[in-house]
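These notes concern the structure reproduced below.
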Amino acid sequence: MSVVARLSANVRRQGEGLDLALPYLLLAPAVLFAFAVLVYPIWDGIRASTMSYRYGKAVGWVGFDNYTRLWSDPQFLNALWVTVSFVALAVAFETVLGLALALFCANEFRGVRLLRGILIIPMVITPVVVAIVFRLIYASDAGMLTVVSQSLGGGPVEILGHPARAFLGLVALDVWEWTPLEFLILLAGIQSLPVEPFEAARVDGASPWRVLLDHTLPMLKPVLAIAIVLRTIDAFGTFDQVFVLTRGGPGEATKLLSIYGYDTAFKFQDTGYAAALFVTMGLLILAAALAAVRIMKGMTPP
Amino acid sequence: MSAVTFSGVEKSFGSVAALRSLDLAVPDHAFLALLGPSGCGKTTALRILAGLELPTAGKVSIGDRDVTRLQPRDRDIAMVFQSYALYPHMTVYDNIRYPLRIRNMSESECRKKVTDVAATLEIGHLLDRFPRQLSGGQRQRIALARAIVRDPAAFLMDEPLSNLDARLRMTMRGEIKRLCHSLGTTTLYVTHDQAEALTMADLVAVMRDGVLQQVAPPAEIYDQPANRFVATFVGVPPMNVLPVEFGRDGIQVAGGVLGLSDDRRTACLKAGVSDVGIRPEDVELVAPNQPNALNGEVYVVEPMGNETLVDVRVSTGRLVVRTRRGFTAAIGSAAGVAFDTHNACFFDAQGLTRVHRAPSKGGE
């Protein structure tokens, strides 16, 4: 037997036997898991949104009635408005603040590493803990703001009992907690930019302000867009802080979609209507994200 | 347009000294090439002139302005970077226009200037593209265009051709030389490529380990190198350097005896010369065991097409001989080499050139 023949007797050819099935076998557990925890629940939610419930029990199929009911429900429209303004205000503040901090911390100076570390802290604290701390700050009887105000000769500070102030208080909490995320993403983005174009701009005559406007921001656009989209999606679903601080009150001043949906499902046991609300909310977020991706693509030069 | 002067400029990064007391004057309108191996401080010198680095000590002036502590934008210079440093988010047109826009030039004036420069560099058809859509050579031209679109006091070029392929590099070499010549702007050109330095520059400044070795016109750098480093760094293949001893008549190099004129011999002895340097083109191959020649062995023969390089091992080192095209010899065969000591230069133990190559004799 020649050497070549002996070798080829042991050689297995590609694309035969186990070779074909192996990829699917390896994927199967992940696919099954995804079906169990993602696809089925979403499907079940959509199914529930087309049913009428009484005392938590499905009593009949109603088609799209739950969906049409949403758009004539003043409470839903209010919750939608509160949510959109909350997201817009919070994300705008977080982006501007995060960008400013990232620009500052992208420079090398003594202690910058420590500063970067400190700026991350709010993000890694459990959200409910943050909410409880803010409740201690905002409490009108013995909260920190009241204590400070009284020590300066002022009266008690009422935050959570006042509609506009409660809303802004929530925005402030969100800004405190999530600016670090924007900071982190934007810092990484700034540090990944090439150095030479900035040196070229300085030599070409640009002041630091012009460098920021003409080069840093345009080159940072894709990263900026990602940071904004991430925070927007996340802020839409804000629940725990509001639940701890105001439960949507006073009145409906801080009633986000998530809180209103929670009340509908668990207080009023109107499961089908709540499902329709959350499916609608999901579609709104999806549409916003897709639009943002579109805009992002348009902004990146070919 | 103005002269550029470094006076006692020093720069250290932590404990590493990148520049040690650089004194260098570039006359108005001159094209000076800063030449040296990587890490010799030439780019640091350029960046200090640009204002991208601050010197640890010393003074930099452009014309009669002391610019040592000025921001880059206030120095009135234009720079071409090794990586081109184009603005990736701007079209070619906007890239070239940028230095003008920053100076609030009117749109119509900008358009005229950019179009003119684009025509000079033959990039008019690229103006609507983005840098990433262009080849290296095209980007290089855009970077040049952005530098010359305004009329700066000086051009700074940091190895602008090193990212191009060999053929394009040679073309651009000539183009940049013509361009700078026609603009007449004082130019500092950093390169590690001696061919660029010698072919393009009016003056070549050779640097090593942060120390300036010699500033001279290219021909002088080649013919009258100030020291052994310059002699062996400039020239392809480099100058041959061999230890030398002074016998009763002439000099002894690697066991061979070569004649030397009396005045050169006296000068050598007085200066304590220890080595002799000779360019490959000044050495000739002769038959072995001839008088006034050294004996060696052919180590390798390298045909270059238009000429042949022969590497000959002699007892104290090697000699590269540049000889006629089509020359052949067997590896390992015996060979004799000879040279006229008038064409040699002599170094002392510190490597300084103590006796230079004699001016070429008439009729040769």
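Below, the figures for the structure above:
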quantity: Residue count, region B:9-26 (criterion: within 25 Å of A:Arg202 (Cα to Cα), open to solvent by 20 Å² or more (accessible area, probe 1.4 Å) and in contact with a strand residue (DSSP E or B) (Cβ under 8 Å, 6 or more places away or on another chain)); calculated: 4
quantity: Residue pairs meeting the criteria (Cβ under 6 Å; at least 6 apart or on separate chains; first more than 14 Å from every other protein chain (Cβ to nearest Cβ) and over 20 Å from B:Arg178 (Cβ atoms), in region B:120-140; second assigned to a loop (DSSP other than H, G, I, E, B) and of a type in the set (S, T, N, Q)); calculated: B:Gly136/B:Asn163
quantity: B:Ala166 vs. criteria more than 14 Å from chain A (Cβ to nearest Cβ), of a type in the set (A, V, I, L, M) and either in contact with a His (Cβ under 6 Å, 6 or more places away or on another chain) or surrounded by fewer than 19 Cβ atoms within 10 Å (Cβ to Cβ) (or both); calculated: yes
quantity: Extreme residue, farthest from the other protein chains (Cβ to nearest Cβ), among residues of region A:213-243 that are surrounded by 20 or more Cβ atoms within 10 Å (Cβ to Cβ) and charged (D, E, K, R); calculated: A:Arg231
quantity: Strands (runs of 3 or more DSSP E) lying entirely in region B:166-260 (those with 2 or more residues that are in contact (Cβ under 8 Å) with a residue 12 or more places away in the chain and outside the structural domain of B:Phe339 (by TED's automatic domain parsing)); calculated: B:186-191, B:203-208, B:211-216
quantity: Qualifying residue in region B:13-36 (condition: within 14 Å of another protein chain (Cβ to nearest Cβ), part of a loop (DSSP other than H, G, I, E, B) and either under 18 Å from B:Glu196 (Cα atoms) or at pLDDT 90 or above (or both)); calculated: no
quantity: Residue check for B:Met90: within 26 Å of the chain's Cα centre (by Cα) and within 12 Å of another protein chain (Cβ to nearest Cβ); calculated: no
quantity: Residues of region A:118-165 classified as modelled with pLDDT of 80 or more and either polar (S, T, N, Q) or not in a loop (DSSP other than H, G, I, E, B) (or both), total; calculated: 31
quantity: Matching residues in region B:301-315 - criterion: being over 17 Å from B:Ala334 (Cβ atoms), part of a loop (DSSP other than H, G, I, E, B) and polar (S, T, N, Q); calculated: B:Asn306
quantity: Boolean, B:Ala330 is in contact (Cβ under 8 Å) with a residue 60 or more places away in the chain and either outside any strand (DSSP E or B) or under 21 Å from B:Asp262 (Cβ atoms) (or both); calculated: no
quantity: Filter pass, A:Arg210 being within 30 Å of A:Ala131 (Cα to Cα) and among the basic types (Lys, Arg); calculated: no
quantity: Identity of the residue in region B:174-210, among the aliphatic types (A, V, I, L, M) and touching a Ser or Thr at 6+ places or on another chain (Cβ under 8 Å), that ends up farthest from B:Pro152 (Cα to Cα); calculated: B:Ala197
quantity: Listing of helices (runs of 4 or more DSSP H) fully contained in region A:166-278 that carry 3 or more residues being among the aliphatic types (A, V, I, L, M) and within 18 Å of the chain's Cα centre (by Cα); calculated: A:217-236
quantity: So A:Glu177, is it acidic (Asp, Glu), away from chain B (no Cβ under 13 Å), closer than 26 Å to A:Val96 by Cβ and out of contact with any Phe, Trp or Tyr (no Cβ under 8 Å at 6 or more places or on another chain); calculated: yes
quantity: Residues of region B:159-182 that turn out to be in contact with a Pro (Cβ under 9 Å, 6 or more places away or on another chain) and acidic (Asp, Glu), as a count; calculated: 0
quantity: Counted residues, region A:188-212 - those being touching a residue at least 12 places away in the same chain (Cβ under 8 Å) and either facing chain B (nearest Cβ under 7 Å) or closer than 24 Å to B:Ala153 by Cα (or both); calculated: 4
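The values are calculated or read from the model by the stated rules, or taken from the named source; none is laboratory data. All of these numbers come straight from a predicted model, not from anything done at the bench. Counting neighbours? That spans all protein chains shown, and the Cβs are built from the backbone with ideal geometry, glycine included. What goes into the accessible areas is simple: the full protein's heavy atoms, side chains included, and nothing from ligands, DNA or RNA. Shrake-Rupley method; radii C 1.70, N 1.55, O 1.52, S 1.80 Å.
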